[in-house]
1. Quick one: 3J(HN,Hα) in Hz for segment B:24-35, Karplus 6.51/-1.76/1.60 with θ = phi - 60°, rounded, Gly and Pro as x.
2. Any chance you could run the full-extension gain for B:Lys16 through B:Lys35? It's 0.36 nm times the residue separation minus the Cα-Cα distance, nm to one decimal.
3. Between A:Tyr212 and A:Val263, with labels modelled 7 Å along Cα→Cβ, what's the label distance in nm to one decimal, could you check?
4. What 222 nm value per residue comes from the helices of chain B, counting each DSSP H run with n ≥ 4 as -39,500 (n - 2.57) and dividing by all residues, nearest 500 deg cm²/dmol?
5. Please compute, over every Cα-Cα pair in segment B:1-143, the percentage with a separation greater than 18 angstrom.
6. In whole percent, how big is the carbon plus sulfur part of the accessible area of the protein assembly as shown, probe 1.4 Å, protein atoms only?
7. Starting from one equal scatterer on each C-alpha and no solvent at all, send me the Debye-based log10 I(q)/I(0) for segment B:171-231 at q = 0.16 Å⁻¹, two decimals.
8. Please work out whether chain A counts as rounded, prolate or oblate from its C-alpha gyration tensor, where a ≥ b ≥ c are the square roots of the eigenvalues and a/c under 1.5 means rounded, while otherwise a/b larger than b/c means prolate and anything else oblate?
Amino acid sequence: MNLSWASTVFSSEIKKMLSYRVDFWLQFPALVLIQIFLAYFLWDSIFESRGASELGGYSFHGLMLYYLMAPLMDRILRGVELRFMSFDIYEGTLSRYLIYPVSFFLYKYIQHAAQSFISFLQFAVMLSLFAVIFHVPEEISLTLTSFLTGMMILVSASLMYFILASIFECIAFWADNVWSLMVMLRLTIFFLGGGMIPLNFFPDWSLEVLLYTPFPYMTYFPIRAFFGYLSVQEFYAGMTVIGSWILILSLSLRLIWKRGLLVYSGVGM
Amino acid sequence: MIKVKNLKKTYRVHKKNPGMIGSVRSLFFRKWTEKHALKGVSLQVDEGEIVGLVGANGAGKTTLVKILAGIIHPSDGEAEVLGFTPFSRHTDFQKQIALIMGQKAQLWWDLPASDSFLLLREIYQTPKKDFQERLDYLIETLAVRDQMNIQIRRLSLGERMKMELIAALLHAPKVVFLDEPTIGLDLMAQKAIRDFILEYRKIHNPAMIITSHYMEDIERLCERIVIISEGDIIYDGSFRKIIMEYATHKVITARLDKNGAMKPSEFPPSLGEIIASDDDFIRAKVERNKVPEAASLILQKLPVIDLSIEEEEISNVIESILRKGME
């Protein structure tokens, strides 16, 4: 299979993203800063009322870094706004991809990866700024190993998210609108993935259960990997769960896609 | 190249009563209805043939094209294009077909046409030399060189349509489906596109299926037309034959000197119907067998400066066939 077209799609997507300069330089960084400010005031009062210097294994400084990384991680994970997939189904623009001799999902995944790459650049810039201005918290050991394990988890989780979100998007073959489902998915990821509070603040039993679901691997787990908190066993166990979910979700997506195409009418054409 | 046998397509459509009560009710109880878009269509199109698919809105033309392009799945029957079952969407099949939809942009809106074409070269794996030769030819023929580096979204409808044509034909497809290729275009652009399609056919000899509501498209491009009414083919034959068989009237047009003995309003109704008239002009729709008599009367009684006898408008002929087909 010749994939030379993939690099063209990738570079086209990068060009398109860079042309939205307001989002790149202002909109998204502003959103991250607002989230950090909220976390700052919330956790500041919690630390003060408890009189503690450490909570759930994080110092206040470390928690702030967590809250900087969580939205960045979420952005990398989400890549392209996949809702365009359901738009393609509603509007009939899916027909274009059915005619071209390329895989629809591969095409969309490359777009997704390109946007994740841009988000990764933002991630790198913002983390560097944090490290220069506030320094890296003492309890966190940022090493090459922790960086590489974090990246491996992040890339795998991004693929897992892409497949999961694609399944939700494909419901558009039958439902009139999947927007509310996508909002539910995002809220679930935000809450059960550790975007709202780190999952080690949850009861132990619930964290153990959650680790068998795809959600912790989307925010909480990769951040712990970047912080150097993951043991080798935890890393392998996590990668096994991610791999299993990728397999299960891929098979489900394949089935839903085939069934969906049977009812696709290309309306809007 | 295209073989279709007893092809059927039924859509299941959700029905909802109007108003809030209807909306709430549809949350719990859904009513479905079946719409038979194709009821058993059979057809064959050979290499080099341009077939015009004609019919009212909702007759099933676009459904047939979508099935043949592999976009939608038929409910029953057989379809074969270039030896492939379209819906299996084999890569070798996809590389040899093109679909142009006048009402739907297929190019990437945020990219200039030149970038889109390069992407298509990669997607279709067209050799660079062939790609460049074809691109140069298409750009020159359609006169769009100056628009190549402008984002698709910023082009006019006519320019965009030309770019869509280029994009669809860069890989030199053996089967081309054109769904309303000239819709919304001005007369100049329509003519340019029609001329181009004929030129393309001369060089590449593909099988083409065209749907259009503009009878001039069909008249100029197709030797054969297929008329579809409510999911059934009611006519499949040569364009000339349809005129001979179904055009029961001819149109006589005469330009007159204003000082004639007979006024156009005095034209005997038994000879035909006056479609339009003025002091210096008369146009009458006359039965084929009465044409000599009517023409002779006009020449004798009216101060004729110029006279022409033409076939009835093809759209009227098709409309009458469709009406008969539906009765």
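1. For segment B:24-35, the Karplus-derived couplings read 5, 4, 5, 5, 9, 10, 9, 9, 10, 10, 9, 10 Hz, x marking Gly and Pro.
2. Roughly 5.3 nm would be gained on extension.
3. 3.1
4. After summing the helix terms and dividing by residue count, I get -11000 deg cm²/dmol.
5. Within segment B:1-143, distances greater than 18 Å cover 69 percent of Cα pairs.
6. 58
7. -0.52
8. Numbers: a/c = 1.95, a/b = 1.69, b/c = 1.15.
Prolate shape, in that a/c is at least 1.5 and a/b is the bigger ratio.
The values are calculated or read from the model by the stated rules, or taken from the named source; none is laboratory data. Quantities reported herein were computed from a predicted structural model and do not represent experimental measurements. For neighbour counting, all protein chains shown are included, and Cβ atoms are generated from backbone atoms with ideal geometry for every residue, glycine included. Surface areas here come from the heavy atoms of the whole protein model, side chains and all, with no ligands, DNA or RNA. Shrake-Rupley method; radii C 1.70, N 1.55, O 1.52, S 1.80 Å.
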